[in-house]
1. For GLN146, all conditions in the list (1) open to solvent by 10 Å² or more (accessible area, probe 1.4 Å); (2) within 25 Å of ILE371 (Cβ to Cβ); (3) not β-branched (Val, Ile, Thr) hold save one; what is the number of the exception?
2. Which one of the conditions (1) within 22 Å of TYR37 (Cα to Cα); (2) at pLDDT below 85 does LEU260 fail to meet, given that it meets all the rest?
3. Please find, among TRP58, TRP83, TRP77, the residue that is touching a residue at least 12 places away in the same chain (Cβ under 8 Å), in contact with a strand residue (DSSP E or B) (Cβ under 9 Å, 6 or more places away or on another chain) and open to solvent by 10 Å² or more (accessible area, probe 1.4 Å).
4. I'd like the full set of residues that are more than 11 Å from MET415 (Cα to Cα) and open to solvent by 40 Å² or more (accessible area, probe 1.4 Å), limited to the range 290-317.
5. Checking the condition within 20 Å of ASN401 (Cα to Cα), modelled with pLDDT of 80 or more and over 14 Å from the mean Cα position of the chain (by Cα), which residue from VAL300, VAL309 passes?
6. All but one of (1) in a helix (DSSP H, G or I); (2) open to solvent by 30 Å² or more (accessible area, probe 1.4 Å) hold for PRO104; which doesn't?
7. What number of residues within the range 62-74 are open to solvent by less than 60 Å² (accessible area, probe 1.4 Å) and β-branched (Val, Ile, Thr)?
8. If a residue has to be of a type outside the set (Val, Ile, Thr), within 21 Å of PRO307 (Cα to Cα) and either without any contact (Cβ under 8 Å) to a residue 60 or more places away in the chain or not in a helix (DSSP H, G or I) (or both) to count, how many in the range 390-431 make the cut?
Amino acid sequence: MQQKKNVTRWQIGAYALPSIPMSALGLPIVVYLPPFYGHEMGLGLTVAGTIFMLARFWDVFTDPVLGMVSDRFPSRWGRRRHWIVLSTPILLVAGYMLFMPSPPVTWVYLAVWMFVLYIGWTLLTISHMSWGAELSEDYDERSTIQGMREFLLILGMFAVLALPAIIEMMAEDGAGGREKVAAMGWFILILLPITVALAVWKAPEFKSVPQAQIPWQKAWAIIARNRLLQRVLLADLLVNIAPAITGSLYIFFAIHVMELPRHASLLLLVYFIFGFVGIPFWIRLSHMAGKHKTLSIAMVYGAVALPLVIFFPRGEFWWLFLGNSLYGIAYGAGSFLLRSIMADVIDTDYLKSGQRRTGLYYSLLTMTAKIGAALAVGITYPILDYIGFMPGGGNSPETLNQFMAMYVTLPAITMLVAAFVMWGFPLDKAAQEKLRAEIRALEGEHKPHDAADAAAAVVQVGSAGGIVDRSGD
C-alpha cells in the first residue's frame with residue numbers, strides 16, 4: 001500500500017456521518033423491538049427472544065462471508081464505498097417492514113425481515129469500519145477516527161431515543177410501543193440515505209496496490225494462530241455482553257423495578273448523553289495511557305458504577321438520573337477502543353500474509369458483538385419467564401429483586417473479565433510504530449508478484465522480530 005495522506009477533521013466527520021442512522025437502527029433492535037414484538041405484537045417473550053437470538057446468529061454466519069466479499073471485490077470508486085451504497089436500499093425496505101408492521105404479526109414475519117435486515121446491516125457496518133481503519137496508519141489518529149465514529153454512534157442513539165421520550169412526555173395516558181417504534185423507524189429511513197450520500201461524496205478512500213493471493217487454508221491458519229486477535233475478540237465479546245444485557249432489560253427495569261414508566265426513555269437518553277460526553281475524555285486518555293489500558297480502566301469504572309443502582313430508592317427520578325449518568329460515562333469507551341486496536345492487529349496480519357483483510361477482520365469483530373447481543377436477549381428473556389416476571393405488571397417483590405440481581409451482576413462480571421483480558425495487551429504505541437516500520441520496509445523494498453514471493457518477503461522483513469507471532473509456520 002502506498003503511503004497515505006493525512007485525513008482532515010472534516011473528512012473524518014464526513015466518513016463518520018452514517019454512524020448516526022446505524023446506531024439509531026441498532027439501539028431499537030436491542031432495547032425496543034424485542035419487548036415490542038414479545039408483548040405488544042403478542043408473540044411472547046420466549047418466542048421473541050429466541051427469534052432475535054437466532055437472527056443474530058444468522059448475522060454471525062454472514063459476517064465473515066460479507067467481510068471477505070468486501071475485501072475481494074473493489075470497484076473503481078474504492079474498496080468500501082460501493083458496498084455501503086448497495087447496503088442502503090436493503091436496510092430501507094427491511095427497516096420499514098420491522099418498524100411499521102401491520103398486525104397480526106407472526107413469528108415467520110419477524111424472522112424473515114430480521115434476517116434480511118441483518119444482511120444489509122452487516123454489509124454496511126463491516127464496510128464502514130474497514131473504511132475507517134484504512135483511512136490512517138497512525139496509532140493515535142486511528143483512535144481519533146474510531147472515536148469520532150463512536151461519538152456519532154452515540155449521538156444517533158440519543159437522537160432516536162429523544163423521539164419516544166418526547167412521545168412519553170406529551171401523551172397524557174402514556175404512549176404505546178407502536179407509536180414509539182414507528183417514530184424511530186421514520187428517523188432511520190429518512191437519515192440513512194442522506195448521511196451515506198454525504199459520506200461517499202466527501203470522505204476519501206486511498207488506493208492500494210494489487211494484493212498477492214495466498215491459499216485460503218493458509219490464510220485462515222494465520223488468523224487461527226493470531227493470539228492478539230483472539231484476545232481482542234474475547235474482550236469484544238465481554239464488552240458487548242454487558243450493555244446488551246442492560247439494554248435488553250432496561251425498559252422492564254425502569255418501568256417495573258425502578259417504578260418510573262413515564263420517564264424510561266428519557267432516562268435512557270441521559271445514559272447515552274453521558275456516554276457521548278465521555279468519548280473525548282477516553283480519546284484523550286488513550287493518547288496518554290494507551291488504548292488497552294484505557295479500555296481496562298473504563299471497564300473497571302463501569303463495573304463499579306452500575307451496581308450503585310441497588311442502593312437507590314425506587315420511584316425517584318433523580319436517583320436513576322444519577323445512576324444512568326455515572327454508568328453512561330463508560331459506555332462509549334469499549335467499542336471505539338477495540339476497533340482502533342483491531343486496526344493495529346490487522347497490520348500484524350498484513351505483515352504475515354501480504355494481504356489487507358480489513359473487512360474479514362472487522363467481520364470477526366462484529367461477530368463477537370452480535371454474539372454478545374444474541375446471548376443477552378436469548379438467555380435473559382427466558383430467565384424472565386423462569387422467575388415469573390410479568391411484562392404487564394403485578395410482579396412480586398421477590399421477582400423484582402431477582403430481576404435487579406440479574407441486571408447488575410452479570411454485566412459487572414463481564415466488564416471486570418474484559419479489563420483483565422486487555423490490561424497487559426502487548427501491541428502498544430511503541431510496538432505498533434515498530435510494526436509500521438517493518439511494513440514500510442516490506443512495501444518499499446519488496447514488490448512481490450505472486451504468493452510465493454509475498455511469503456518470502458514477509459519472512460525476510462518479519463525476521464527482525466516484531467510483534468508478529470511466527471509460531472507454527
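The values are calculated or read from the model by the stated rules, or taken from the named source; none is laboratory data. What you are looking at is a predicted structure, and each value in this text was computed from that prediction instead of being measured. In this analysis, Cβ positions are derived from the backbone assuming ideal geometry, glycine residues included, and neighbour counts consider all displayed protein chains. The protein model used for the area step is the full one, side chains on, heavy atoms only, and it has no ligands, DNA or RNA in it. Shrake-Rupley method; radii C 1.70, N 1.55, O 1.52, S 1.80 Å.
1. All conditions pass for GLN146, except number (1).
2. All conditions pass for LEU260, except number (2).
3. Numbers: TRP58 fails: in contact with a strand residue (DSSP E or B) (Cβ under 9 Å, 6 or more places away or on another chain); TRP77 fails: in contact with a strand residue (DSSP E or B) (Cβ under 9 Å, 6 or more places away or on another chain).
Sole residue among the options that is touching a residue at least 12 places away in the same chain (Cβ under 8 Å), in contact with a strand residue (DSSP E or B) (Cβ under 9 Å, 6 or more places away or on another chain) and open to solvent by 10 Å² or more (accessible area, probe 1.4 Å): TRP83.
4. Listed by number, the residues that qualify are LYS293, LEU308, ILE310, PHE311, PRO313, ARG314, GLU316, PHE317.
5. On the way: VAL300 fails: within 20 Å of ASN401 (Cα to Cα).
Of VAL300, VAL309, the one residue that is within 20 Å of ASN401 (Cα to Cα), modelled with pLDDT of 80 or more and over 14 Å from the mean Cα position of the chain (by Cα) is VAL309.
6. For PRO104, the failing item is (1).
7. Residues that pass the stated criteria total 2.
8. Here is the first cut: in the range 390-431, the residues of a type outside the set (Val, Ile, Thr) are 390-398, 400-407, 410-412, 415-416, 418-420, 422-431.
Restricting the remaining residues to those that are within 21 Å of PRO307 (Cα to Cα) gives 397-398, 400-407, 410-412, 415-416, 418-420.
After this cut, where a residue has to be either without any contact (Cβ under 8 Å) to a residue 60 or more places away in the chain or not in a helix (DSSP H, G or I) (or both) as well, the list is 397-398, 401-402, 405.
Residues in the range 390-431 being of a type outside the set (Val, Ile, Thr), within 21 Å of PRO307 (Cα to Cα) and either without any contact (Cβ under 8 Å) to a residue 60 or more places away in the chain or not in a helix (DSSP H, G or I) (or both): 5 in total.
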